[in-house]
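Below is one structure, written out as structure tokens, with a few remarks after it.
Just so it is clear, none of the values below were taken in a lab; they were calculated from the coordinates. Bear in mind that the values here come from a model prediction, so they are computed numbers and not experimental data. Positions of Cβ are backbone-derived with ideal geometry, glycine not excepted, and every protein chain shown enters the neighbour counts.
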Amino acid sequence: MDIQVLLKKYFSTIKQFLPSEQKTSAVGLDIGTGECKLIELAKSDKDYELVSWAIEPIKNGDANAAIKKILAELTTPCKSLYTSVFGKGTLIRYIDMPKMSLEDLKSSFDIEADKYFPFAQDQIYTDCYILDVREKEKMMSVMAAAAKKELVDRRVKLLEECGVGAEFIGLNPVALANILNVFGVEDEATEKGKEDLTLALLDMGESVSSLTILVNKLPRFTRDIFIGGRDFTKGISVGLGVSFEEAEKLKREPGERLEEVNRACDSVVANVIQELRLSIDYFATEKNHDTDLLLLTGGASMLEGVAESFEKSLEVNVKQWDPVAALKTASEFSSREMGKKSLKLGVALGLALYQYD
């Protein structure tokens with residue numbers, strides 16, 4: 001008998017007596033202004049499988065209760081997870097620096113962080129990442145991030161009160177960029193195989209919309225626009241003379257009042273467009289990259305007609321981006337069940353993916 005056949009039979013025989021390998025999962029938790037969002041992932045070979053997901057509203061500002069409820073829906077108990085912070089008190093910079101090792105880069109930031117961030121050095125946590133190295137110029141492009149210590153420490157304390165630890169705390173825009181870096185994007189509006197493909201990604205949250213511009217799947221520009229879903233709700237409430245609660249319902253399900261709802265949101269949409277135009281034009285001028293495609297995600301991007309308004313005004317291809325679409329989804333999570341809710345899960349997904357880097 002051939003030795004390879006013999007070995008194959010031997011190992012297939014003893015395999016049945018060995019304990020099966022425990023399938024571990026990765027958990028990303030996005031603690032937003034109005035909701036907590038969770039993604040639980042498992043990986044086999046090159047496929048990522050959606051194990052579970054949940055979205056839980058934060059009622060009366062009680063994030064603690066929302067987190068505990070959402071963690072109870074995990075398939076297995078979670079002792080630590082990946083989470084993030086966002087908005088005021090956070091900042092991302094893109095810097096050209098002389099070529100050096102990542103270790104030396106981190107050491108230099110520990111000493112000179114106040115050169116790059118408008119925060120006192122003893123009040124922030126910083127981190128940095130080398131995007132690329134230009135050998136001929138002996139230079140490199142660096143993404144540097146900072147978050148106020150009080151913001152991060154509050155997040156750690158909140159999770160500890162819920163009985164879990166924070167293994168990693170990142171920033172929302174970087175978590176979203178991580179998804180595009182892992183999976184890329186397919187769209188008819190972009191040329192297949194095009195070099196220097198420039199994507200703008202707008203995550204439209206409840207209180208903040210974060211814009212990140214990526215070239216060849218790497219982030220090169222990030223800024224926060226402090227306009228979000230809550231501003232749409234206020235516009236509907238004032239414009240239609242209804243309560244905030246009723247306006248929130250109309251925003252999500254306008255039905256026959258869609259035209260009225262869109263008119264009430266016109267000024268808010270116009271403000272977002274103005275901010276987007278400033279950023280896209282700046283990037284085109286400074287970096288010599290025109291934006292090929294604008295991707296919209298986040299809860300506020302679910303407002304009907306927003307993508308069309310952006311595309312018409314900005315003269316850029318615009319589409320809604322479903323961050324969960326690239327996952328191998330378990331059968332029980334049908335698209336009908338999740339629906340457009342998947343647009344809210346981007347940050348949580350990006351955080352979970354970090355654990356497989």
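Tabulated data
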quantity: Length added when fully stretched, residue 45-residue 122, from 0.36 nm per residue minus Cα-Cα; calculated: 23.5 nm
quantity: Nearby lysines by direct alpha-carbon distance to residue 68 (threshold 22 angstrom, same-chain neighbours under 8 apart not counted); calculated: 37, 59, 79, 157, 341, 344
quantity: Estimated FRET transfer efficiency (residue 112, residue 218; beta-carbon r; R0 22 Å; 0.05); calculated: 0.40
quantity: Fully extended contour minus Cα-Cα distance, from residue 271 to residue 137, at 0.36 nm per residue; calculated: 44.2 nm
quantity: Spin-label model distance (nm) - residue 317 vs residue 99, 7 Å beyond Cα toward Cβ; calculated: 3.5 nm
quantity: Mean separation of Cα contacts under 8 Å, 6 or more apart, over the residue count of the chain: relative contact order %; calculated: 19 percent
quantity: Those residues of segment 24-51 whose amide nitrogen sits under 13 Å from the label point placed on residue 80, 7 Å along Cα→Cβ; calculated: 27
quantity: Calculated SAXS-style log₁₀ I(q)/I(0) at q = 0.07, 0.10, 0.13, 0.15 Å⁻¹ - the chain, Debye, Cα scatterers; calculated: -0.35, -0.68, -1.11, -1.42
quantity: Helix-derived mean residue ellipticity, 222 nm - over the chain, DSSP H n ≥ 4, -39500 (n - 2.57), to 500; calculated: -11000 deg cm²/dmol
quantity: Long-range Cα-Cα pairs in segment 197-321 (distance over 23 Å), rounded percent; calculated: 29 percent
quantity: Qualifying aspartates and glutamates (Cα of each under 15 Å from Cα of residue 106; at least 8 residues distant if same chain); calculated: 96, 114, 127
